[in-house]
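Worksheet for the structure shown next.
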Amino acid sequence: MLGYIASRVLQLLVTLLVITVLVFAMLRSIPGDPAMVIAGTEATPELVARIREGLGLERPLAVQLARYLGDVLTGDLGRSIRTGAPVTAEMYPRFVATLQLTLASLLVAVLGGTLVGVAAALHRGRLADTAILIGSLAGTSAPSFWVGLVLMIYIGFQANLLPIAGYDSALHLVLPALTVAVGGMPMIIRLVRAALMETLEEDYVRTARAKGLRERAVVMKHALRNALVPVVTVVGLELGRLLGGVVVVESVFAWPGLGRMLLEAIQARDFPVVQGSVLLFSVFLILTNFAIDLCYGVIDPRIRHHAR
């Protein structure tokens with residue numbers, strides 16, 4: 001098991017290094033000069049040259065990359081070109097806000113998708129099952145910004161039940177989290193439905209029923225646990241999709257998260273902030289997927305024994 005964990009950690013480090021290099025290269029290929037953004041359109045060439053020298057942009061790309069990787073290893077992500085503040089200090093409160101929104105959305109998507117998927121599997125072929133499948137298809141097709149605007153109009157404006165923008169209380173989290181979760185639930189619903197329908201046909205489920213156990217105990221204790229193994233895999237994939245959706249939703253609801261900060265930094269050619277934000281997103285996703293891999297052994301004993 002320790003060898004498996006060590007190999008996974010090595011893969012994570014290599015993946016993180018590749019992502020960092022790719023982001024560094026792609027940002028340098030975007031048209032536009034950060035020094036011109038800082039100096040302004042009417043700046044003299046001498047001023048632009050001094051700013052480029054101060055930012056280290058006149059050095060060869062290989063030297064810039066080596067310096068950046070060395071700074072990252074020491075925890076220094078540089079300073080924002082726009083504000084001059086350390087990138088880590090600017091990212092921390094934004095990342096906390098994004099993490100709150102992402103985890104709340106993931107919780108709603110997983111719990112809601114699992115419960116609805118179980119209901120669809122237990123009522124397969126009936127009207128409820130058909131309605132759930134149609135609803136999940138609609139949720140997959142609906143853009144997140146459109147869902148957000150609909151919730152804002154009907155729940156925020158007309159019903160006046162929840163605040164539509166801001167970051168002042170837990171109530172401000174509800175509508176953005178629901179908006180992001182709507183796009184994540186359909187896949188989980190269909191996956192739970194298919195996995196549970198297959199699991200309910202297994203011999204050990206028939207044996208549990210033959211012993212006289214109640215149907216609820218058979219489903220929740222025996223069938224659902226094994227059916228959740230593919231769901232755990234999807235959670236890792238869904239987390240990446242949710243983070244992508246959060247970027248749009250943060251702009252719709254004026255949520256002060258890292259995704260909104262990333263969009264602003266891209267528009268301003270603020271390389272240190274963009275690199276730091278993408279690096280933080282990558283580390284979070286990589287560590288989450290690593291934790292999900294370890295969870296397989298807890299959910300399915302067969303995987304744990306195989307790893308040994």
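The values are calculated or read from the model by the stated rules, or taken from the named source; none is laboratory data. On a predicted model such as this, the values are computed, not experimentally measured, just so you know. Every residue, glycine as well, gets a Cβ built from its backbone with ideal geometry; the counts of neighbours run over all protein chains shown.
Below are the figures for this structure:
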item: Failed item, numbered, when Asp76 is tested on (1) under 20 Å from Val283 (Cα atoms); (2) assigned to a helix (DSSP H, G or I); result: (2)
item: Filtered residues of region 249-259 (kept if surrounded by fewer than 22 Cβ atoms within 10 Å (Cβ to Cβ), part of a helix (DSSP H, G or I) and of a type outside the set (A, V, I, L, M, F, W, C)); result: Ser251
item: Residue within region 46-62 that is without any contact (Cβ under 8 Å) to a residue 24 or more places away in the chain, closer than 20 Å to Val18 by Cβ and either surrounded by 12 or more Cβ atoms within 10 Å (Cβ to Cβ) or not aromatic (Phe, Trp, Tyr) (or both) present; result: yes
item: First in region 156-182 and at positive phi, second anywhere and modelled with pLDDT under 90, Cβ under 7 Å, 6 or more apart; result: Gly166/His172; Gly166/Ala254
item: Residue match in region 92-115 (condition: modelled with pLDDT of 85 or more, surrounded by 15 or more Cβ atoms within 10 Å (Cβ to Cβ) and more than 20 Å from the chain's Cα centre (by Cα)); result: no
item: Pair list, Cβ under 6 Å, 6 or more apart: region 260-285 residue farther than 18 Å from Arg79 by Cβ, other residue modelled with pLDDT of 80 or more and hydroxyl-bearing (Ser, Thr, Tyr); result: Arg260/Ser251
